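Only the coordinates and a few stated rules stand behind these numbers; no lab work does. All of these numbers come straight from a predicted model, not from anything done at the bench. FYI the Cβ positions are ideal-geometry reconstructions off the backbone, even for glycines, and counts take in every protein chain you see.
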């Protein structure tokens, strides 16, 4: 299979296979690939294909399917519920979260969030997630949801999860987030508060919904740093031989 990876939306995964837009421009103008070249293509829904470039045309790049593979979802799935903050380096976070195998990203409106949550998912966020998937070969793109209903909507969405974790720094009398708590089979929701912290009302709601408190240590972390730390621990724990 070729060394270059591209994204083809699942609704476009059918004959005639055609790369369009930015993906086609990157193949033809940046990488200067031509007919006969073999590439890898992902659809973000667990499907991976080996393709041959047939023709570079104005309307896009025509491809021929050589081999198709299906990848199952991970047994251990992490949902990152990250409070909205204007200060967050959103693109960087989205890309790295996909590299760490996040199952879903929920951006929620905290009472102490900086600014208001947008009404729609931004195209740039999706583009960063696709970039992360292509870089690491992750065949699954995460669900991306906006929870404008605050902690109440977050609690309602988390009700069906197998595990719920409330991690943040400077907690006393609670365990550190360890592989014993992370990376377990099923769906685990990790909730990260905004830069301004949780309100007492939000903490009461989350604790009442059986979110298990966990410490991230004594250093104050930016919200995206805390989120990626949780995802990293989850990813590592899920790879341990005892969890395989």
D for the chain, whole µm²/s, Stokes-Einstein with Kirkwood Rh over alpha-carbon pairs at 37 °C and 0.692 mPa s: what number?
170
So what is the 222 nm mean residue ellipticity for the chain from helices alone, if each DSSP H run of at least 4 adds -39500 (n - 2.57) and you divide by all residues, rounding to the nearest 500 deg cm²/dmol?
-8000 deg cm²/dmol
If you average the sequence gap of Cα pairs under 8 Å that are 6 or more apart and divide by the length of the chain, what percent do you get for the contact order?
20
If one compares the long axis through the Cα atoms of helix 90-99 with the longest principal axis of the Cα atoms of the chain, the angle in degrees, nearest 10, works out at 80
Cut-off is 10 Å between beta-carbons; in what order do 230, 136 appear when sorted fewest neighbours first?
136, 230
If you take the beta carbon distance between residue 215 and residue 74 as r and set R0 to 45 Å, what does 1/(1 + (r/R0)^6) give as a FRET efficiency, to the nearest 0.05?
0.95
GNM on the chain, C-alpha springs below 10 Å: top fluctuator among 194, 175, 72?
72
How big is the stretch 5-70 in terms of Cα radius of gyration and Dmax, in angstroms?
10.6, 31
The stretch 5-70: relative contact order in percent, alpha carbon pairs under 8 Å with at least 6 residues between:
34
Rounded, prolate or oblate: which fits the stretch 76-187 when a ≥ b ≥ c are the square roots of the eigenvalues of the alpha-carbon gyration tensor, with rounded for a/c under 1.5 and prolate only if a/b beats b/c?
oblate
Radius of gyration and maximum dimension Dmax of the stretch 91-143, Cα, Å:
12.0, 37
Pop a pseudo-label 7 angstrom from the Cα along the beta-carbon direction at both residue 122 and residue 3 and give the gap in nm to one decimal.
3.3
When the chain is modelled as a GNM with alpha-carbon springs shorter than 10 Å, which of 80, 181, 69 fluctuates the most?
69
How high is the relative contact order of the stretch 89-186? Use alpha-carbon pairs under 8 Å, at least six apart in sequence, and give a whole percent.
33
Pick from 158, 124, 113: which is most flexible by mean-square fluctuation in a GNM of the chain where alpha carbon atoms under 10 Å apart are linked?
124
Need one number: % antiparallel among DSSP beta bridges in the stretch 1-132, to the nearest 5.
65
Using Cβ counts within 10 Å as a stand-in for footprinting exposure, how do 17, 190 rank, fewest first?
17, 190
Most exposed first by the Cβ proxy, i.e. fewest other Cβ within 10 Å, how do 96, 86 rank?
86, 96
How big is D, in µm² s⁻¹, for the stretch 198-244 by Stokes-Einstein at 10 °C and 1.306 mPa s if Rh is the Kirkwood radius over C-alpha pairs?
124
Could you please state, rounded to a whole Å, how far the C-alpha centre of the stretch 68-142 is from the C-alpha centre of the stretch 167-244?
17
